[in-house]
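Taking it in order: structure first as structure tokens, then the write-up.
Only the coordinates and a few stated rules stand behind these numbers; no lab work does. As the structure is a computational prediction, the values presented were derived from the model and not from experiment. Positions of Cβ are generated from backbone atoms using ideal geometry, with glycine treated the same way; all protein chains shown enter the neighbour counts.
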Amino acid sequence: MQIGTKIIHLSSVDSTNNYIAKRILVDNLPSGTVILADEQTNGRGQRGKIWQSESGNNLTFSIYLSNVNLSVDRQFDLNIWVSVALCRALTKIGLTPSIKWPNDIYIESNKIAGILIENSLSNTGIKHSIVGIGLNINQVNFDCINATSLKIELGEWRNVQEVLFQIIEQFNHADMNEIKGLKQEYLNQLYLLNECAKFEDKDGPFDGQIIGVTESGKLQVEKNGFVKDYYLQEISLIN
Ligand code: BTN
């Protein structure tokens, strides 16, 4: 899937994901269109959270995909493709990223990027997808304690648009038809894979170990000698 042949740059918008959702109701956006905003007034994160980002200092953009061609039960392949492409771009820039399931991008134990994928489904599969990405670039002060940015990690200012072009290049190199290899790369970079950690599920806190991710994207965690598969809302990591 090629992206970035059309890029729309907005100075301010509520949310680049919302912008695409509204625009495709009235317009024919080509698949792969990228919407970039200097500022979002209502940036959205996963699990209904807000995504805060200093105006002009970070990357906040969304990609419209109308040719995903994945069945409903293979939706997670898209998360893999996006996470791996973003990690490849960050690695090229000189960082050592890892992926906190399902698709937060971390540098050591600090979050540098978040991904919000919103799929529109039909009976047969994904009709279209809106992939929103927030990557901290030049911001150095955060309300949240475990956040980081390129500036914090590399000690230097980066041109936000140049970073976007580097990311687009990696998306265009990552081949969705080679999903097996991409999934292996995803697992190789999975945060806390095979390490003991503290989790919480509906039965309370427990010590466990992430051992993998199922085809449908559930997190596989070993708990008291048994492997349990979890959806996003069903488990959290306790720091
Ligand atoms: C998360 O980590 O919770 C996901 C954050 C996703 C933020 C990006 S910024 C661009 C796009 N527009 C939004 O409103 N959200 C995503």
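Annotations for the structure displayed:
- Local charge for LYS100 was computed over the other residues whose Cβ lies under 14 Å away, with Lys and Arg +1 and Asp and Glu -1, and equals -1.
- For segment 128-239, relative contact order (Cα pairs under 8 Å, six or more residues apart, normalised by length) works out to 14 percent.
- Note on segment 174-239: the alpha carbon radius of gyration divided by the globular reference 2.2 N^0.38 Å gives 1.19.
- Computed over segment 1-40: relative contact order in percent, which uses C-alpha pairs under 8 Å that are six or more apart: 64 percent
- Cross-link pairs beyond the 29 Å C-alpha cut-off, checked among LYS49/LYS218; LYS100/LYS127; LYS127/LYS202: LYS127/LYS202
- Highest-fluctuation residue, ARG158, ARG88, ARG44 considered, GNM on the chain with Cα pairs under 10 Å: ARG158
- Here the chain is treated as a sphere whose radius is the Kirkwood value from Cα pairs; by Stokes-Einstein at 37 °C and 0.692 mPa s it diffuses with a coefficient of 179 µm²/s.
- Between GLY155, GLY208, GLY225, the GNM of the chain built on Cα springs shorter than 10 angstrom shows GLY225 fluctuating the most.
- Candidates VAL163, VAL34, VAL84: whichever shows maximal mean-square fluctuation once the chain is modelled as a Gaussian network with Cα springs under 10 Å: VAL163
- Compactness index (Cα Rg / 2.2 N^0.38 Å), segment 97-200: 1.23
- The HN-Hα couplings worked out from phi for segment 193-203 by the Karplus form 6.51 cos²θ - 1.76 cosθ + 1.60 (θ = phi - 60°) are 4, 6, 10, 6, 8, 9, 10, 9, 10, 5, 8 Hz, whole numbers, x standing for Gly and Pro.
- Charge sum, other residues only, whose C-beta stays under 12 Å from SER55's C-beta, Lys/Arg counted +1 and Asp/Glu -1: -3
- A cut-off under 13 angstrom between Cβ atoms defines the neighbours of GLY125, and their net charge, with Lys, Arg +1 and Asp, Glu -1, is 0.
- Compactness of segment 1-81 - radius of gyration and Dmax, Cα, Å: 13.4, 37
- For segment 50-94, fraction of C-alpha pairs farther apart than 14 Å, in %: 68 percent
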